[in-house]
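Okay, structure first, notes after.
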Amino acid sequence: MPKKGLGRGLSELISGEALARSRAVLEVGVDKLEPNPYQPRHGIDDEGLEELTLSIEAHGIMQPVVVRRTDEPEVFQIIAGERRWRAAMRAGLQTIPCVVHDADDEHMLELALVENLQRHDLGPIETAEALRHLVQEFGLTQEQLSEQLGRSRSAIANTLRLLELPPPMKEALQEGRISQGHARALLSLSSEPERMHTLFRRIEEGDVTVREAEEFARAMPEPVPEEPEEEAAPPEQPTDPHIEEVKRRLRDRLGTKVTVLARPKGGGTIHITYHDSEDLDRILSLIAPSPPKSHTRLG
């Protein structure tokens, strides 16, 4: 059976206007309402909530909250309008106007997601996580999401790809320290983690525009110059399983070439290759990070 779209009157539905015209508006006690468990927004801006509280104190609630019934009599679950409900409680209201709408879990998540998208309440990672939830929990395809949410299929795909960013980059994007344009440039380097992290550091330092980030991502990495013959590491002794394991762990940890030379009577030398001063700083931060200032020895 083809999925039914959310319809042209979605903006009226999520605001309660369409339902208010066709159904009775109920006054429901604020203590008889519970938040939407599928709310994609992780947090509510306190400053914006305070402004809404002042407006409700002055003018009341102009648009009813959309709710659905629960298994518990006279208890309702909010589909759209959680901010109005929270602001009403701050304003000291005992009841708020509501209209009841029949919605299953999938439709409830769709409505909550679109409401936040229309109000620009969601960050990019919150949006991506909500879309992923629709895909994983309800089996929607990207094409269906495009139709349901009124966004292009490429926009849906690009948003979902943001979840492939490493955790520090996702956090920086959600907090607004990098833009979605920067994030897309970073994702294009996912097969080159060293260059990806180099670009991320430069973006966070604040001196890289989106265009510059894209140019950096498109540029071919500079070839590593061959080391002069006289500086080459001495030939290694016959393979030792323990030494091979040590080399592998060091290479994986440092992301560069590592040579381990063991002496027959014990001890040995480790050669770590770096390509420039920035690469040296990166390796140094991994093996000898600077201590906190409070732990720095004085005198």
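Rule-based calculations on the coordinates, nothing more; no lab input. These figures come from a predicted structure and were not determined experimentally. Because the Cβ atoms are built from the backbone with ideal geometry, glycine has one as well, and the counts that use them run over all protein chains shown.
Relative contact order of the stretch 165-221, taken over Cα pairs closer than 8 Å and 6 or more residues apart, is 34 percent.
Each of Arg153 and Ala262 was given a label point 7 Å from its Cα along the Cα-to-Cβ line. The distance between the two points is 5.7 nm.
Within the stretch 138-216, the proportion of C-alpha pairs whose separation exceeds 21 Å stands at 33%. Net charge within 13 Å of Ser188 by Cβ-Cβ distance, Lys/Arg positive one each and Asp/Glu negative one each, not counting Ser188 itself? So the environment of Ser188 carries a net charge of 0. Extension gain for Val25 to Glu51 (0.36 nm times residue separation, less C-alpha to C-alpha distance): 6.9 nm.
Taking a sphere under 13 Å around the Cβ of Thr209 and counting the other residues whose Cβ falls inside, with K and R at +1 and D and E at -1, yields a net charge of -3. In this structure, Ile243 and Leu286 have a Cβ-Cβ separation that, at R0 = 25 Å, corresponds to a calculated FRET efficiency of about 0.75. Segment Thr273..Arg201, full-extension length gain: 23.8 nm, with 0.36 nm per residue of separation and the alpha-carbon distance subtracted. Net charge around Ala128, counting only other residues with Cβ within less than 11 Å of its Cβ (Lys, Arg = +1; Asp, Glu = -1)? Spelling it out: positives minus negatives among the neighbours equals 0.
Residue separation of Glu215 and Ser190 scaled by 0.36 nm, minus their Cα-Cα distance, works out to 7.5 nm of gained length.
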